[in-house]
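The values are calculated or read from the model by the stated rules, or taken from the named source; none is laboratory data. Keep in mind the model is a prediction, meaning the values are calculated, not measured. Neighbour counts are summed over all protein chains in view; Cβ atoms, including those assigned to glycine, are modelled from backbone coordinates with ideal geometry. Surface areas here come from the heavy atoms of the whole protein model, side chains and all, with no ligands, DNA or RNA. Shrake-Rupley method; radii C 1.70, N 1.55, O 1.52, S 1.80 Å.
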Amino acid sequence: MPGQADAPRAARPLARLAALYGTAAAVLAADQLSKYLVVRHLEGRAPVRVIGSFVELRYTTNSGGAFSLLTGAPLFFVVMAVVIIGGIVHAGRRAQGLPVLFALGLVLGGALGNLVDRLFRGDSAFSGEVVDFVKVGIWPVFNLADSCVVVGGILLAIFLGRAEREREQAPADTDRT
């Protein structure tokens, strides 16, 4: 049947879209929901101990980047987020394999989550602060978006490193005619 032969080909673009943009949308939704709940239930309250004092939930905000670098320069982070988002959308068109697209979706969703905070959690445009709430050991307080950016970046390094090793180990393509 003509329709059945085309079915696998039609599923591929849909799977690619779901892996990249579906993952990003899920991360963005979960990140914003978690931040809403943290602001609603933890703002102005003592930290909630999850595993003794090693893992805590606490409300804090951050106008800077990771480890509170460049605090007070939210416009820089807005511009960087837009550049990263554009780069991921561009890379997503050329990326090979659903795992790579999933990892890109994690980074994209995390970048969007923190960008939304910077755009809408301030007194004026581009002056917003990111809501952070997870404290683990000696690490600075972070949020779900941060975690997804880090995990997505690690997965990208693994997947792309593995693909590069496979290309290097593949026998040379020679023309024997």
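Some values worked out for this structure:
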{"item": "Region 25-43 - residue that is touching a residue at least 24 places away in the same chain (Cβ under 8 Å) and small (Gly, Ala, Ser) and, of those, nearest to residue 130 (Cα to Cα)", "result": "34"}
{"item": "Matching residues, region 20-60, being among the charged types (D, E, K, R) and open to solvent by less than 50 Å² (accessible area, probe 1.4 Å)", "result": "31, 35, 56"}
{"item": "So residue 176, is it over 23 Å from residue 29 (Cα atoms), among the basic types (Lys, Arg), at pLDDT below 95 and not in a helix (DSSP H, G or I)", "result": "yes"}
{"item": "Residue match in region 102-120 (condition: surrounded by 15 or more Cβ atoms within 10 Å (Cβ to Cβ), in a helix (DSSP H, G or I) and β-branched (Val, Ile, Thr))", "result": "yes"}
{"item": "Residue, nearest to residue 109 (Cα to Cα), within region 122-163, restricted to residues that are open to solvent by 80 Å² or more (accessible area, probe 1.4 Å) and either at pLDDT below 85 or outside any loop (DSSP other than H, G, I, E, B) (or both)", "result": "150"}
